[in-house]
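Enquirer: Sending over a structure as structure tokens; questions will come in a sec.
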Amino acid sequence: MIAQELSITDIIRKQRDFFKTGQTKDIHFRLEQLKTLKQVVTENKEAIINALKADLKKPEFESYATEIGTLLEIDHAIKHIKTWTKPQKAPVSLQLFPGSAKIYPEPLGVVLIIAPWNYPFQLIILPLLGAIAAGNCAILKPSELAPHTSRLLSQMMEKYFEPAYIAVIEGGVQTSQQLLAEKFDHIFFTGGTAVGKIVMEAAAKNLTPVTLELGGKSPCIVDSDIHLEHTARRITWGKFLNAGQTCIAPDYILVDKKIKQNLLNEIQKRLQEFYGNNPAKSSDYARIIHQKHFDRLVSFLKNGEIRIGGETNPSDLYIAPTVVDNVSLTDSVMQEEIFGPILPVIEYTDITEAIALINSKPKPLALYLFSNNKNLQQRVLQETSSGGVCINDTVMQYAVSSLPFGGVGDSGIGKYHGKFSFDTFSHYKSVLHNPFWLDLKWRYAPYKGKLPLLKRLIG
Ligand code: NAD
């Protein structure tokens, strides 16, 4: 049966029936499905790369590193699933003697995964891998703005999995809203903050728990105590990867006034090194996903003064890697998440100003700090809040499986990657086991004469 031929309600019903059989709870079943998921990626690399090229003109290297690279996370889950699924012993206080306690991870049931278009393959596969490892059935809704990847995902999942276990529902906002009207056991949403609110509102009607992986303006502080060339190279890479359409790309730079000009010169050199004289001709530079986003980004170019780049080509949805100076905090480029290849640079004379600016905005998904100064590093860590922090690099924190990935405040709710993905799609069931061989009477009525003992136990 093909998922697209069934109604949403039918698919959910089939998945509920399949979940009830208990098959997904079996660890061997989960392991087999993870191996199948690995096959989905390994056997279709070329098709994945082509779909990403058609949607975003994504360079093959970037597709490999950031989308096919999910293979590393699948391998990690395959390696650890037996440990993750084991019930964990929990200590029990003496008052509860002779009881023993354990925590059992159990699957949630049927989950919904909604993805955006910027890493349209990876942002479906990574949450799906968590859902499979934790023993759930899943419905996947890829982004309509990356239609080639969406189609491919639908074809691949249909080929490798039964829709009663994993199904792809393609479509746009309306389809997403139809899905959100249904009851799920968890909704994992990646996308913008505004849509995140819509998802949470819909989920609340069914008391469905949510993970919201959202966006925001991730600041990048550049102190004067740095290795200038490495700093510029790492910022340029993280910002212009996927043409800036990365949720954790540095959104804007806050630079110590003393080194601003040097940093700008160095970024220019790195851009030349990466993409040559004309990035429009470079096969290593992606395009904007859609006319609507292109127009939104072009409108930002009216803000401030363009110091590097600024060229655009609507017929190709091309926007050159661009650095802008002298923006005002009230400009739209500083009010909205940029999510494109435009990098505003704001100078500060004292780090206190930079920290105050960051704290005046909603909590970001990522915060970057370039500085060798340990005291400054500590100060920024202590005085700001963000989903994650990366010191002296950009974006690479995403690749560390042992670090939870997620936002805080407006940048999201919940976390995943590595074991955290398994946790997100599991319920941790508490189990206290009391044996029959001893039945101490101190807690039972009649209470007469037992209060002094209780007072001694509680203190
Ligand atoms: P989006 O919020 O517009 O769309 C995401 C998904 O939601 C799509 O599948 C879309 O069909 C659906 N959707 C859109 N409008 C909807 C509505 N009104 N009701 C129900 N569903 C709706 O996001 P996008 O433009 O695809 O992606 C860009 C945003 O995603 C940026 O803000 C970026 O920071 C964020 N993002 C976050 C992460 C992360 O891991 N935290 C990763 C990638 C992107």
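Enquirer: Given a 1.4 angstrom probe, I'd like the percentage of the accessible area of the chain that is carbon and sulfur, rounded to a whole number.
Expert: Answer for the chain is 56 percent, counting heavy atoms of protein chains only.
Enquirer: Oh, and also: From the alpha carbon gyration tensor of the stretch 232-370, can you work out the equivalent ellipsoid semi-axes (sqrt of 5 times each eigenvalue) and give them in Å, largest to smallest?
Expert: Working: eigenvalues 110, 59, 35 Å².
Each semi-axis is the square root of five times an eigenvalue, giving 23, 17, 13 Å.
Enquirer: Under the rule of at least 5 residues apart or a separate chain, name every residue whose amide H is placed under 5 Å from the amide H of Gly387.
Expert: Correct list: Leu365, Ala366, Val408.
Enquirer: Which order do the peptides 406-419, 170-183, 377-390 take when ranked by the mean count of other beta-carbon atoms within 10 Å per residue, highest first?
Expert: Descending mean neighbour count gives 406-419, 377-390, 170-183.
Enquirer: Compute the orientation-averaged projected area for the chain from the convex hull of its Cα atoms and round it to one decimal in nm².
Expert: 26.7
Enquirer: Run the reach check for Lys441 against lysines, Cα to Cα strictly under 17 Å, same-chain hits fewer than 8 apart removed. What comes back?
Expert: In chain and number order, the partners are Lys450, Lys455.
Enquirer: What does the accessible area per residue of the chain come to in Å², with a 1.4 Å probe and no ligands, DNA or RNA counted? Display every interim value, and only then the final one.
Expert: Numbers: 20880 Å² over 459 residues.
Counting only protein heavy atoms, the per-residue value for the chain is 45 Å².
Enquirer: Considering only DSSP beta bridges with both partners in the stretch 219-406, what is the antiparallel share in %, to the nearest 5?
Expert: Around 20 percent of the beta bridges assigned by DSSP in the stretch 219-406 are antiparallel ones.
Enquirer: Another question, then. Can you pick out the pairs among Lys58/Lys141; Lys14/Lys53; Lys38/Lys79; Lys374/Lys415; Lys363/Lys415 whose Cα atoms lie more than 23 Å from each other?
Expert: Lys14/Lys53; Lys374/Lys415
Enquirer: Write down the percent of antiparallel bridges among all DSSP beta bridges whose residues are both part of the chain, to the nearest 5.
Expert: Roughly 35 percent of the beta bridges in the chain run antiparallel, per DSSP.
The values are calculated or read from the model by the stated rules, or taken from the named source; none is laboratory data. As the structure is a prediction and not an experimental result, all values here were calculated from the model. Please note: Cβ atoms are built from the backbone with ideal geometry, for glycine as well, and neighbour counts cover all protein chains shown. For accessibility, only protein heavy atoms count, side chains too; no ligands or nucleic acids. Shrake-Rupley method; radii C 1.70, N 1.55, O 1.52, S 1.80 Å.
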